[in-house]
Structure formats: structure tokens, C-alpha cells
Amino acid sequence: MPTNILMPALSPTMEKGNVARWLKKEGDKIKSGDVIAEIETDKATMEYEAIEDGTLAKIVVPEGTQDVAVNSVIAVLAGEGEDVKAAASAAKGAPPQKATEKKAETVAAAPPSAAPRPQKPSPPTVEAVPATRGNRIFSSPLARRLAKEANIDLNPVQGSGPHGRIIARDIERAKSGKGLRAPSIAPALGAAIAPAMSDAQVRALFEDGSYELIPHDNMRRTIAQRLTASVQTIPHFYETMDCDIGRLTAAREEINAAAPKGKDGKPAYKLSVNDFVIKALAVALQRVPDANVSWTESGLLKHKHSDIGVAVALPGGLITPIVRHAETKSLSAISNEMRDLAARARERKLKPHEYQGGTSSVSNLGMYGIKDFTAVINPPQSTILAIGAGEERAVVRNGQLAAATIMSVTLSCDHRAIDGALGAELIREFKTLIENPVMMVV
Amino acid sequence: MADSSFDVLIIGSGPGGYVTAIRASQLGFKTAIVERDYLGGICLNWGCIPTKALLRSAEIFHYFQHAKDYGLKANNVGYDAKGVVARSRAVSKRLNDGVGFLMKKNKVSVIWGEASIDAPGKVTVKASKSDAPKGALGAGSYRAKHIIIATGARPRVLPGIEPDKKLVWTYFEAMVPDRVPKSLLVIGSGAIGIEFASFYRTLGSEVTVVEVLPQILPVEDHDIQVFARKSFEKQGIKIHTNAKITKLDKKSDSVAATMEEGEKTQTITVERAISAVGVIGNIENLGLEKLGVKTDRGTIVVDEYNKTNVPGIHAIGDVSGPPMLAHKAEHEGVVCVEAIKGLHSHPMNKLMIPGCTYCSPQIASVGLTEQAAKEKKLDIRVGRFPFIGNGKAIALGEDQGLVKVIFDKKTGQLLGAHMVGAEVTELIQGYVVAMNLETTEEELMHTVFPHPTLSEMMKEAVLDAYGRVLNI
């Protein structure tokens, strides 16, 4: 029997993807493990490997097709000894499901960690749909009652019933903290928020022909949705601190100069200021563990490790690959890992597990000369540290004016999980470490 | 040369097997079904369906006898046993033909004969004694990626009371009597035994039911058992519980049965006896031992998706264990092939499989009995409503019956529902749907039940559990 090749779900929450490129032609022999196509998800382009041997009988979805729903047929594989033509013709009756048919419901691509939900607030682009529509959480009466008794909010509960309906066993799982989603836009909030201007309203303000319309790619949509959700649901507050990085600059030069050279004459590592920042934040989170948390309705997730996301700017977007367990890694290991992650991020070749999750993030705009700025928290994290430029400033020491290399950093905190004093403790720890880099090595 | 290689091959075309075949075909599998005797299996030919036809004749006869109660006249009421049997056989034939049509419509290849599995993926079919229907494939070697065993079950035989098929019947003979015996002993009071007891009693036999357990209808709720027993005894059925038939002495045209009841031993002489002491799985001659397929007490051991311990071999229905019910087999088959296809099918929740017995009065139930709920130490609320409080029941002249519901006190989850009385087999699925949707008492109370119907009692029983009953 011919096998249907389906649009894969490359992350648990992926709803649709683009067929970026076919690497095999119709009629090509395929061995399991061969890369047959490249699939573009919200943030990455991933290689799609065949899992069975056979012949590519028919490409149902041509390359370049956008928004193909997960699990719709994209090609047909004829098994060994099967009639390729028959397999190809059998595929004709099944047109691919275009995810865009559901446009009114889910305009934005599913964010990597916030999950697709039938009750998403209506997108601001559709005027006719009232904002309250679709807020219903599908759940069984028994599940609702069990949830109420156990004081569990249904919002983050992952439904395992038909069409994602929340049923009794999901609540049992939720009681032990399993089967919960990362916070997504709370329906109640969605209803209360005034819709943004419609597309038509925006366009009406500009003369025809005075602009060019650039269609959104998945990354743009994901950024828009995730950060809107973040700002709408997370009560942010900000704390700024000046750090003297004189010693750090000196230490960095010394360490880099001492790097052993490989055969090609290149040094084994070249630490950047940002590598120190990652390490300092990771260690600071270990010293102030109450700040290394994620908010969920049923409780705070207090993380054991410091998984630090680092914002990497790309043409047309950004992505935050994650340095896992950064507190345990040496500066050179962090540096080399970051170089690899950033390079692959720019090629959009990161795998979802390399950019999803994380316990805090770093966003550094120092190289642009930005003095200080505030960053938007990347859920499910509770903090993000915005790094400004290290620059020579006049400071007063013991009543004397002096010159020092100062870097201003601003911590954004989720006030649901972290209060002002706790945020201050974290940033003070960070300052101590970054100003005395030797302590990071301990 | 006919095609001999399939994606899915099902052994046995009973309600489990043929439904599985249709679903497999719908999913795009090239499907074959092997049958040695009758398309539709026991259910259609020697079980569920022909007995319902017999019981319908008995029910109409009963109404004729009570025509006066309804202001009607019916004189010289009688029955023709051959005619009753002929109708029952005609009903089976029609459905048997129907299965043949469904196989053709769904492009399922029918293979006629006895199948055994040589190895995963390989099946040998030997010619069977019965004639193959037109268009069926014959004996030979067949290949299939997935083999599903759906061979069903057969009457259990207990030593000392072996059926001889003349004086001591199984359900096969009991279904096609040439006359109605004057007296009949029914050994076993499960659904099969009780249905035959009810049928033959209505047609005038002196019926004695003997049950080894303390209650008749052992799987039912205690209140239902007690209610049903009273009804049967009122109809003139003699019932012995905690009693055992140890010997059947076959005479020329009668049977002398030795019964131990407590300390007492007595002999009951009857014209015919029916052995209805349960069924056992058909696990023999399939090659299971050689393949190392695990079995346990006459049934094949399977996981929640009906996989056996041997890859590529599945088992569904009676042969894969209790409850041995046609609708359990059908659903298992569907879940099984959907899992093979890789669909995210949910395994069946066996607590939500309803059971129906078509005696008079009918019995239907789903979920936990009160005694089972108490054994599980659940804190429960029980509601009851009698037929006598229902307008439609009184209008029908069927005012004897009971609806009983069991809720979890804390969560309001409907744990079980048990009914005895007219048409309850058609009512139970209301509760089954409710349980599957995980409704609580609140939704049931908010649901509007049509008036006047028997179903109103289902709501009243719920209200009763919460002290809000209206019509009693």
C-alpha cells in the first residue's frame, strides 16, 4: 500500500508549516533517513527525513507552498515493489489542507511554546468577529467540577479528549503538575482588551502606492503573537543598574590572549563580553534561586538549572537560542556553544528544542551604542536582562571624579512571580559577578 | 490467480470481525476476512439476533394472552413453534446476507475456511465443511501485515452436565426447538440462561433455573437482581440459587438432574435441559502455542490496543477476554485498526460498556453496581425511581420496573446506572452517552426529557439521588 507522507509536527504545538524545498523529485528512489524536503516552521527550516524506503510517487504539495496544515498529505511514497503510477493516481483525490482556511480562527502561527487553542482571542485583523468569540474552553462537566474542587485553572490544562477537550483524567494529571501548557493569552483578558486597528483602518491612513506590502513570514507572526501575549498577560517592571566592567575588560583581554592556538593558527576560544554576561546571569540565578522561576496558574515552577536564552538578531526577525545549564559551563564552552547556535540561528537551522523553554534571557544591544533599554519577557521565562553599551563615563569615587567603563543593564521581571526586592537581589548578584569576574570561576 | 496478500486479515466474521473489516477498509487497508461457517458469526446467526426474534414472538404472544387488559378480544390464542423458529431463522438469514453485501460494498475479500497462523504475516486457510458463499476465496496460503484474531467464543462445557444436543441443549439447540418442552431446566442464570428461561416460560414451559452463585444475573446490581427474581417467580419460574447441578441422567425423552442445594440433594426431572454456564474463547487450532501468543484461562492476552505479545498479531472480542459482548468486540476492533493506522484512537473504557438482557422484564446496566462502588470504598449517592410513578409506563400497561443511578458523592460523577422493566435496553444508552461525556448530576438535571416517555424516569432517578424527586 502506498504511504502518505504528511506535513510533520516538528514541535508539539506546530499547526502548519511551509514546504520550503523538495530535495527529491517524483520517481526518485528513497531510503529511510534520506532528507526529502525542507519544512519551514515558525522559526526554523528543518530537514524532513524519510522513515520508509520506496519511490517518491507523487509530490502533492509543490515547494514554496505556505501554511500547510500538520498531518495533511504532502507527498505519496510507493513501497518497494508497488506500482508508482497507481500510488500517484491514488493520491489525486486528496487535495492538501490549507491551514489558511481557518484564517479567522488562527491568523498567527502557533508560537513555539504557547499552544494552539480554539479559544484564542479573535485576531485584530478581522473586524466582524467580536473579541469575545471563541473564548470557550472545551472541557467536560466532570473535569470542570474536579478542577474547581482542586482549585486548578483550566487555561493551562492540556486537553486529551476529542478535539483537545479537557476531561477528568487531564485534571488528575494537572494536580501533579503534568500536562500543563505554558501560559498563553488568557481568554478573559483577551475579551477585555480593545481590538487593535483593522488592516483597512491602517491602510486608509496612507495614500495608495505610498507603501509596499511585505507579507509576514511565520517568524514575524510568531514574534508579534508571542510578544503581544507577553505584554498583555505579564505585569512587567524594570530595574536598572550600572556595572563597572573595567576588571572584566582586563580579564577578558588576558584570557583571550592566553587562548591556546590550534593547528590553523586560530585561538581555541575568543570570549565576548556577552559570554561573561550569560555566565554571570546563570550564576546569579543559582545564588537567587527564587528568581529562577516560571509562572503557572497551579504554582511556580522553580527551576534547578539556569537555561539562558540569548537574543540573536536575524534579517526580518530574531530568535533566542538557549544555553542550557549555563551555570555549569565554562566561559569558553559557553562562548563556543553560542557561536554555533548563533550561526545556525542565522541560517534558520535551529531545532525547536534549541530555542524553546529557557529560564531567563539576555538581550544585548551594546554593539549599537544603546545606553540602556527595556526588553520584553519571553514566556515562560520570568526575567530578561537588557544589556547596554560598555562606555567610558565619569564617576565619582570617594569624592573624586574618575573615568570608568560602565555598562547599564536593565532587568525586566514578571511581577506575578517576582517582586521588586527579589528582582533587585538578582540584579545585585549579577553586578557583583560581572564586576568581579574571578568570582564566576569559583 | 486471486490476490493473496493483504494489509489486514481478520479471522472470524462475527460482529467484531466484520465491523473491524469495514473500518480497516475505510482506512485504506487492503482487507480480508476469514470465516468457516456463517458470515456474521454467532451473534447474527446463533446469538443476539435470532434470540431477539424468538423473544419478540413470545412478547407478542404474551400481549395476545392479556388482550383483555387493554380492552381487546383475542380468542383461540396459540402459537406454532415451527413458525416462531422459522421467523427467527429468516431474520438471521437476512442479516447474514447483509454482511455479505457489506463486505462486497467495502471491498473486503472473504476467504472461506479454517485459518491458522503459521508465522506473523502468514496464514494458512484450510477448506471448511460448510459451503462457501459466491465470490469467496478458498483454501490456500495468505499473507497479511496485520492479523486480527476475532474467533469469538463457544458454550462452556462442565463435567457431568455435558450437552448431548438432544436432551441437554446449548444455545444452538435451544434456538431451534421442534416443539416447546413441557418442562425445562436452565443451568446458569446469566444473560443467555435467563433469556431462554423467559422465552420458554412465556410459551408455557415449566421452567426451573439453577444458579451456583447466591443471586441470579450475577453481574447486575443487587436491587435489580432482587426485583428481577421476584418478577420471574411471579411468572412461575422456579429459581434455585446457591445450588449446583452435579449430574444429568439422560432418559429416553427426559432428563433427571441431581441438584445440590446447601445440605440438600434432590432430583429434578425435566423434558429438556439447557446448559448456559458461560462461554470460553475459541483459541484452539490457530497456531497460537507455536507462535508463543500468550493466553490466560481460555482467552488471548492483549494490551489496551488489542495487540498480543507477538508483533503483527492482534485479538479482539470474546477471544480477547470479558466482557464477552458483541458491542465490546465491535468497538475493540475499531480501536485496534485505528491504532494500526497510527490514528490517536483512545482505548476503550471497559467500565462504560453497557449490558442488556432481553428477558421479560428487560434488564440493562452500565458502570459500577452499588456493591462494587462500596467495595471500592467510594462515597456514593444512590437514586431510584419505580415504573409505577411514570405516566407512560402506566399507559403502556408496564408499570413494574426500576431505574437506579449511582453517583460519586463528592464529584457528582455518574458511576453506574441499572434498570429493569419494559424497554430499558433502549433507554440505557442515554446514561452511557452521559457517562462518556463525563456529565455530572447537574447537566442531567438541566436536560429536558420528553413527556410522556419512559425516559423521564431516568431524570427522576437522578433527582432522587439528590433528594429532589418529583413524581413519587
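Laboratory data are not the source of any read-out in this text; all were calculated from the coordinates shown. Note that the coordinates shown come from a computational prediction; the quantities given were computed from them, not determined experimentally. Quick reminder, even Gly has a Cβ in these numbers, built from the backbone with ideal geometry, and neighbours come from all protein chains shown.
Relative contact order of region A:334-442, taken over Cα pairs closer than 8 Å and 6 or more residues apart, is 19 percent.
Tally the DSSP beta bridges in the protein assembly as shown and give the antiparallel ones as a percent, rounded to 5. Walk me through the numbers on the way to the answer.
Values: 106 of 146 bridges.
The antiparallel proportion sits near 75 percent.
For A:W22, neighbours were defined as the other residues whose beta-carbon sits under 11 Å from its Cβ, and their charges (Lys and Arg +1, Asp and Glu -1) total -1. The HN-Hα couplings worked out from phi for region A:292-305 by the Karplus form 6.51 cos²θ - 1.76 cosθ + 1.60 (θ = phi - 60°) are 9, 9, 10, 7, 10, 4, 8, x, 7, 8, 9, 7, 8, 10 Hz, whole numbers, x standing for Gly and Pro.
If R₀ is 22 angstrom, what is the calculated FRET efficiency for the pair A:V438 and A:K351, using the beta carbon separation as r and rounding to 0.05?
The value I calculate is 0.05.
Descending by average beta-carbon neighbour count within 10 Å, the peptides B:238-244, A:197-203, A:270-276 line up as A:270-276, B:238-244, A:197-203, the highest first.
Shape call for region B:168-277 from the C-alpha gyration tensor, a ≥ b ≥ c root eigenvalues: rounded (a/c under 1.5), prolate (a/b greater than b/c) or oblate? It comes out oblate by the Cα gyration axes.
Once you order the gyration tensor axes a ≥ b ≥ c over the Cα atoms, which shape class does region A:234-441 get: rounded for a/c under 1.5, otherwise prolate or oblate by comparing a/b with b/c?
Here region A:234-441 falls in the oblate category.
Only DSSP H runs of four or more residues enter the estimate; each adds -39500 (n - 2.57), and after division by the residues of chain B the mean residue ellipticity at 222 nm equals -9500 deg cm²/dmol.
Note down the net charge around B:Y305, summing +1 for each Lys or Arg and -1 for each Asp or Glu among other residues with Cβ under 10 Å from its Cβ. Net charge around B:Y305: -3. Taking label points 7 Å from Cα along the Cα-to-Cβ direction, B:N285 and A:T374 give a separation of 8.2 nm.
Here the mean projected area of the convex hull built on the C-alpha positions of region A:400-442 is 4.6 nm². Return the percentage of antiparallel bridges among DSSP beta bridges fully within chain B, rounded to the nearest 5 %. Around 60 percent of the beta bridges assigned by DSSP in chain B are antiparallel ones.
The Cβ shell under 13 Å around B:T265 holds other residues with a net charge of 0, Lys and Arg each +1, Asp and Glu each -1. Cross-linked pairs B:K82/B:K129; B:K134/B:K294; B:K107/B:K328; A:K148/B:K459: Cα-Cα separations exceed 32 Å for B:K134/B:K294. Measuring from label point to label point, each 7 Å out along Cα→Cβ, what is the A:D83 to A:A403 span in nm? It works out to 8.5 nm between the two label points. Applying a length cut-off of 30 Å (Cα extent along the axis) and a mean Kyte-Doolittle floor of -0.5 to the DSSP H helices of chain B leaves B:81-105. For the modelled label position 7 Å from the Cα of A:R21 along Cα-to-Cβ, which residues of region A:47-88 have backbone nitrogen atoms closer than 12 Å? Only A:47-48, A:64 fall inside the zone, counting backbone N under 12 Å.
In this simple spin-label approximation, A:L213 and B:S345 carry label points 7 Å from Cα along the Cα→Cβ vector, and these lie 4.6 nm apart.
For chain B, what does the alpha-carbon gyration tensor say about shape, rounded, prolate or oblate, given a ≥ b ≥ c as the root eigenvalues, a/c under 1.5 as rounded, and a/b over b/c as prolate? Oblate, since a/c reaches 1.5 and b/c is not below a/b.
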